[in-house]
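Right, one structure below, let's go through it.
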2 protein chains.
Amino acid sequence: MRDETLAPVADQPSLAERIRHEMDSFTPSEKRAAHLLLSHYPFAGLDTVAGFASRAGISGPSALRFVTRLGFSGFPDFQKHLREELEAQLLSPLAKSGPIDTGPGASALASFANAVIGNLKATVENIAPAEFDAVVTLLSDPRRNIHFTGGRFTGAVARYAESHFRIVRSHVDFIEGQPALWRDRMIEIGRKDVIVAFDIRRYQEDVTALCETGAKQGATIVLLTDPWLSPIARVARHVLPAHITAPSNWDSSAGLLLLTEALVSAVTKRLWDTAKPRMEAVERLRNR
Amino acid sequence: MRDETLAPVADQPSLAERIRHEMDSFTPSEKRAAHLLLSHYPFAGLDTVAGFASRAGISGPSALRFVTRLGFSGFPDFQKHLREELEAQLLSPLAKSGPIDTGPGASALASFANAVIGNLKATVENIAPAEFDAVVTLLSDPRRNIHFTGGRFTGAVARYAESHFRIVRSHVDFIEGQPALWRDRMIEIGRKDVIVAFDIRRYQEDVTALCETGAKQGATIVLLTDPWLSPIARVARHVLPAHITAPSNWDSSAGLLLLTEALVSAVTKRLWDTAKPRMEAVERLRNR
DNA sequence: GCTATTTTGAAATTTCTGATACAGCTTTTC
DNA sequence: GAAAAGCTGTATCAGAAATTTCAAAATAGC
């Protein structure tokens, strides 16, 4: 575990923080429950057990075990805590530094930007540092092969990731989503491989199929998705959810890009001794 | 079709207001319920019927009658409304505007995110609304052909743009940066064409060459670049600069993505009458 | 590759909650 | 001051929700 930071603000450590810190000690279904709760904190937890469980993609009993593990005597006790925390938070004088430009005259660009910024904050706050670090460690392992893939829109983000990682380290490639293009490549996927998949709602079946096939062959799956979790979460070792809703007819991938860039940055630092010469070599090739 | 998420703006009068307004017409026990609810709004209402009733000093049935009178079909319905109202209020952009967590123990992800958010704000503030609108108008002209292109990293953002615009309107394509791949296509480029180029520092000569060739043949160039301006700016009609510095060995493209998504959003709205059927058609093809 | 351990969900069980019927009480009206 | 109308609470019930049990499935350990 890394930082032992106490409450960043004045209030007592919220349940959300505790969950983030304990994230890596959770079982897979507990992690799912935790992700759901954190991504819609704390409202997801105010649902019924059955509702919460089904939204998290787990069974009722697993949801119960999750709250028991957090130290509550039962689901009602858990909900009571959430309500009280929420009330305390809402009644506290929230320091609200204003957004860029409020008011009806705000330009379309400015209000769109505000929404995106809100997404980025929510995304960061809902990701456990331990989970992020675990992914950094995984992607920094030079003995692993890293494969990036994504859906029709997220594919571009996957490419963006690949174009950076390709320079930082070796054994990096991009896999097109369409099954016809990866079927034959899968024979080489095994325990040494890591598949980093980008998949947000209107989840794509072909990407899911790719990950399921990979997982079956022993590959480690890292998933960057939305708070509702792509079905790939079922087979993923690590899940990093990003908020994507925007005042638009389209979802925003800015959160995914943020995570991607943060991962690139962290892995580059971690592998600096080997990454630096590689980056210099690339520069030399470009400048000739 | 995806659901049309509207901006979370001017919400209807909250339940609290309605209760205050109708207070006079309540029976004595209804007034007790109302007072409790208003004095601990809305948390008191999230309790069980029995809990709410006993705190209000009334019986269960009276509490039920109270919520029925407010127009809800039952207690669960009433609670659902309260939760939704609360969530909408808490998640409104205002609540998310301070910096994330600036302490020394802040995670790497959080401080990276703060830098990116700073970039987004700076980007928005340095772009003239008129310039942005002009680009929207240009990209909304159905008689124009739109070509997207970009460098080794920004190319992914250009692809992202293309994959959205391709659905919203026709005559959209992506041009690979390498001259060998576009030389022959340039013969078709002329006055009716728009080239949208993404280019940030370590400016790529091949992208510059593409734009210069296009400009010479009468195409309109739109450039998304960094504040130091790619050389393409000399031939560009419109320039949208984005801040890109981050606490990393790499630049951040988040500002470019923000501009891209804002453009997609604005053009989609502008062309809604024709974009909607196109989007529906794409959905239908995907779902077969 | 097999066993021991952990994790998980379907089904059964228990608890509790929201809803209702009805009788007593209070207030209003003539 | 009596009857009618309205309001309220007790007792009860039906249904839903939380919880427990237990066997299957997955995982880890050797």
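Please treat every number below as a calculation from the coordinates, not as lab data. Just so it is clear, the model here is predicted, and its values are computed rather than measured. Neighbour counts are summed over all protein chains in view; Cβ atoms, including those assigned to glycine, are modelled from backbone coordinates with ideal geometry.
For chain B, what does -39500 (n - 2.57) per DSSP helix run (n ≥ 4), summed and divided by total residues, give at 222 nm, in deg cm²/dmol to the nearest 500? Walk me through the intermediate numbers first.
On the way: 12 runs with 147 residues, N = 288.
Result for chain B, helices only: -16000 deg cm²/dmol.
At A:ARG234 and B:ILE187, where each label point lies 7 Å from the Cα along Cα→Cβ, what is the point-to-point distance in nanometres?
Once both label points are built, they end up 5.2 nm from each other.
Quick one: helix A:108-125 against the long Cα principal axis of chain A, what's the angle to the nearest 10°, folded into 0 to 90?
Approximately 90 degrees, to the nearest ten.
When the Kirkwood hydrodynamic radius is evaluated over all pairs of different C-alpha atoms of region B:113-209, what value in angstrom, to one decimal, is obtained?
This gives a value of 14.8 Å.
Given q = 0.11, 0.20, 0.23 Å⁻¹, what are the Debye log10 I(q)/I(0) values for region B:15-90, with equal point scatterers placed on the Cα positions and solvent ignored?
Cα-only, vacuum Debye calculation for region B:15-90: -0.22, -0.78, -1.06.
When only C-alpha pairs under 8 Å and at least 6 residues apart count, what is the relative contact order of region A:15-60, in percent? The partial results should precede the final answer.
On the way: 28 pairs, mean separation 15.2, N = 46.
Contact order relative to length: 33 percent.
How tilted is helix A:129-139 with respect to the longest principal axis of chain A? Cα atoms for both, answer in degrees (0 to 90, nearest 10).
Tilt relative to chain A: about 10 degrees.
Mind listing the long-range amide H neighbours of B:ASP193? Cut-off is under 5 Å, sequence gap 5 or more, other chains count too, H placed in the peptide plane at 1.01 Å from N.
B:ASN145, B:THR220
Assume the label is 7 Å from Cα along Cα to beta carbon: what separations in nm does A:GLY51 have to the matching positions in the other copies?
1.5
At a threshold of 8 angstrom on Cα-Cα distance, excluding pairs fewer than six apart, so keeping six or more, what relative contact order does region B:151-204 reach in percent? Numbers along the way, then the final one.
On the way: 25 pairs, mean separation 27.9, N = 54.
Result for region B:151-204 is 52 percent.
Which cross-chain or sequence-distant (5 or more) residues have an amide H under 5 Å from the amide H of B:ASP226, H modelled 1.01 Å from N in plane?
Residues meeting the criterion, in which the H sits 1.01 Å from N, are B:ARG201, B:ALA242.
B:GLU125 label points, 7 Å along Cα→Cβ, one per copy: pairwise distances from this copy to the rest in nm, shortest first?
Distances to the matching label points in the other copies: 2.2 nm.
What order do you get for B:72-83, A:109-120 when each peptide is scored by the mean count of other beta carbon atoms within 10 Å, highest first? Numbers along the way, then the final one.
On the way: B:72-83: 16.3, A:109-120: 24.8.
The packing order, highest mean first, is A:109-120, B:72-83.
Would you mind computing the Rg to Rh ratio of region B:108-287 from its alpha-carbon coordinates, Kirkwood style for Rh? Intermediate values should be presented prior to the final figure.
Working: Rg = 16.2 Å, Rh = 16.7 Å.
Answer for region B:108-287: 0.97.
Restricting attention to region A:187-251, which trypsin sites (Lys or Arg not before Pro) occupy a DSSP loop and are surrounded by at most 11 other Cβ atoms within 10 Å? Please report the intermediate quantities before stating the final value.
Numbers: sites: A:ARG191, A:LYS192, A:ARG201, A:ARG202, A:LYS216, A:ARG234, A:ARG237; in loops: A:ARG191, A:LYS192, A:ARG201, A:ARG202, A:ARG237.
For trypsin sites (Lys or Arg not before Pro) across region A:187-251 that sit outside H, G, I, E and B with at most 11 neighbouring Cβ atoms in 10 Å, the list reads A:ARG191.
Shortest first, in nm, what separates the label point of B:ARG286 from those of the same position in the other copies (7 Å along Cα→Cβ)?
3.4
Calculate the radius of gyration of the Cα atoms of the protein assembly as shown to one decimal place, then report Dmax, the largest Cα-Cα distance, as a whole number, both in Å.
25.7, 87
Which of these, B:GLN204, B:GLN89, B:GLN178, has the largest mean-square fluctuation under a Gaussian network model of chain B (Cα springs below 10 Å)?
The residue with the greatest mean-square fluctuation here is B:GLN89.
Any idea how far the Cα center of region B:262-280 sits from the one of region A:222-288, in Å?
So the separation of the two Cα centres works out to 28 Å.
Let me know the mean shielding of A:118-128 by other chains, meaning the per-residue number of their Cβ atoms within 10 Å of its Cβ. Let's see the in-between values first.
Values: counts 8, 1, 9, 11, 3, 3, 12, 6, 0, 4, 2.
For peptide A:118-128, the averaged partner shielding equals 5.
If I model a spin label at A:ARG278 and B:SER59 as a point 7 Å from the Cα along the Cα→Cβ vector, what separation in nanometres do I get?
Computed distance between label sites A:ARG278 and B:SER59 equals 7.5 nm.
Within 10 Å of each Cβ of B:259-272, how many other protein chain Cβ atoms are there on average?
Working: counts 3, 3, 11, 13, 3, 6, 10, 4, 0, 3, 4, 0, 0, 1.
Mean inter-chain Cβ contacts per residue within 10 Å come to 4.
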